[in-house]
Amino acid sequence: MTQEDEIQDYSLDEGTFLIKLARKSILNYLTFGEILNQPADSPPSLLEESGVFVTLQKITPDGGRNLRGCIGFPMPNYPLVQATILAAKSAAVGDPRFPPITVQEMNDIAIEVSILTQPIELEVNDPKEYLQKIKIGRDGLIARRGGRSGILLPQVPVDWNWETEEFLEHTCNKAGLPADCWKDKNTIILRFSGIIYEEEEPNGEIKRKEI
């Protein structure tokens, strides 16, 4: 079975549920300092364990988007609903690259939820084979070596117009490793796919993001 066969599909209603849940999780934590309880009306399909990332983007006056936080779980260690609640809260207040988001600032934040397949290791005899095995717009990547690990979501190379080699280099850098570490046979490269839902504007219409 290929990775493409393994990805579970989700409806727009389910994606909308997760986006709204992420916003509720953030506002609940910012207001009360507590983790949101799992909603009783959570769809059964969203109670399966899955990896997920929540990305927060601040909308500028001219309609641009600036990253404001992105944290998640690459491995399916939690039910999707619970993982979304935790990832959203952490993206808002726990991303070390940014100061914590405020309640007022949430009026300018658009939320993106990426539901991930389980990462699989790419097996190659020569690292150059990665260039043929990785597909931009389909794959996200994880680079691991010597206790270090870095992850980039499938939409990242599309947003930055990277070629496959650039994608590998930036994933290595995300792990705190040299850009060319993917050429080292001691480096493990994993790939995964994702289904992405996003708000078109803060607290606005929700759509599936095509990459």
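Taken together, the values in this text are just the output of simple stated rules run on the coordinates, not laboratory data. Quantities reported herein were computed from a predicted structural model and do not represent experimental measurements. Neighbour counts are summed over all protein chains in view; Cβ atoms, including those assigned to glycine, are modelled from backbone coordinates with ideal geometry.
General remarks:
- Inter-label distance, nm, simple model (7 Å from Cα along the C-beta direction), residue 104/residue 121: 5.1 nm
- Isotropically averaged projected area of segment 120-192, using the convex hull of Cα atoms (one quarter of hull area), nm²: 4.0 nm²
- Signed unit charges on C-beta, dipole axis of segment 1-125, positive-most listed residue 111, 61, 85: 61
- Under 5 Å, built H, 5+ apart or other chain: amide partners of residue 193: 117, 140
- Nearest 10 degrees, 0 to 90: helix 12-32 Cα axis against the chain principal axis: 70 degrees
- Convex hull volume of the C-alpha atoms in the chain, normalised per residue: 124 Å³.
- Excluding same-chain neighbours fewer than eight residues apart, the aspartates and glutamates reachable from residue 207 by a Cα-Cα span under 12 Å are 13, 14, 112, 198, 199.
- The chain, relative contact order in percent, only Cα pairs under 8 angstrom and at least six apart counted: 22 percent
- Working note: Karplus 6.51/-1.76/1.60 with θ = phi - 60° gives segment 109-118 the couplings 9, 9, 10, 10, 10, 10, 8, 10, 6, 5 Hz, where Gly and Pro are set to x.
- In this structure, the residue pairs whose Cα-Cα separation is over 26 Å, taken from 128/209; 174/209; 20/209; 135/185, are 128/209.
- The HN-Hα couplings worked out from phi for segment 139-155 by the Karplus form 6.51 cos²θ - 1.76 cosθ + 1.60 (θ = phi - 60°) are 9, x, 10, 10, 10, 9, 6, x, x, 9, 8, x, 10, 10, 6, x, 6 Hz, whole numbers, x standing for Gly and Pro.
- The ellipsoid equivalent to the alpha-carbon distribution of segment 1-114 has semi-axes of 24, 17, 13 angstrom, derived from the gyration tensor eigenvalues as √(5λ) and listed largest first.
- Scanning the chain for GluC sites (Glu not before Pro) that sit in a DSSP loop and have at most 16 other Cβ atoms within 10 Å, the longest stretch containing none of them is 49-122.
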